[in-house]
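Have a look at the structure below, then the notes.
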Amino acid sequence: MDTKPTLVYFDIRGRAEPIRMMLSFLGVEFTETQITQAQWEAAPLATPFGRMPVYREGPLEIPETFAIMNYLGRKHNLCGTREVDRVRSDVTAEAWRDYGNRIANLFGAKSTSDEARKNFLIEEQPSLLADLETYYLQNEPRSGYWAGASITVGDFAAFHMIEGLAQSSNTLANFPALLAFYEFFAAQPAIKAYLQSPQRPAALFHGPDGKIYPQD
Ligand SMILES: N[C@@H](CCC(=O)N[C@@H](CS)C(=O)NCC(=O)O)C(=O)O
């Protein structure tokens, strides 16, 4: 009997990517069930809230990306050692989740206008990223991580979104500390191995047209 945990999601990076990255970093062997969008539209899987990702481990079935990440963080001691670090890890993950939801709503939805997207990029995004960068720079000690001296769930949440920025625009050039974090985190041996792994899905996300991006 296969007792490995299972991660169920689309065949893209999307919301499952920081979970895959955590599992890989931790050396947890897991099975993936990857669904295409066409398969999901034809026959959505029964999941607790009708959405994915879902993580199954023994008797546990966990929906919700951050519940899965926090479960893995608690189980494998990636939540920070001091209370101040645990708080910073949570705040980092929540703040990047808010940013990620803005991006998903604007760039993944059919109903959003080009003008709204442009306004976000020009008017809103710079101050959101500036606030995030300020928060990052307040970490003590200045370890390179977001919360204390060691890697936490917050780092995975932050890296996931910052990687998207690094790959899609030159925006990070205006945020040198976020760029430095991106390079620092990507160079951690276990992360570097995952980033180069052939198992990593190539496609970042589903666009409003239902296609997977980036396209050739
Ligand atoms: N709050 C949930 C949101 C999950 C979510 O929106 N999943 C999308 C894919 S990224 C989904 O399952 N879409 C299919 C649908 O809604 O029918 C989480 O963070 O896991």
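The values are calculated or read from the model by the stated rules, or taken from the named source; none is laboratory data. Please read these numbers as outputs of a predicted model, since none were measured by experiment. Heads up, the Cβs are rebuilt from the backbone with ideal geometry, glycines too, and the neighbour counts pull from every protein chain shown.
With a cut-off of at least 3 residues that are in contact (Cβ under 8 Å) with a residue 24 or more places away in the chain and more than 10 Å from the ligand (Cβ to nearest atom), name the helices (runs of 4 or more DSSP H) lying wholly within the stretch 1-102.
Hits in the stretch 1-102: 17-26, 65-75.
Quick one: in the stretch 192-210, of everything that is within 16 Å of the ligand (Cβ to nearest atom) and surrounded by 12 or more Cβ atoms within 10 Å (Cβ to Cβ), which residue is farthest from residue 112 (Cα to Cα)?
Of everything passing the filter in the stretch 192-210, 201 is farthest from residue 112 (Cα to Cα).
Out of the residues in the stretch 152-187 that are under 16 Å from the mean Cα position of the chain (by Cα) and at pLDDT below 95, state the one that is nearest to residue 204 (Cα to Cα).
The extreme case among them is 164.
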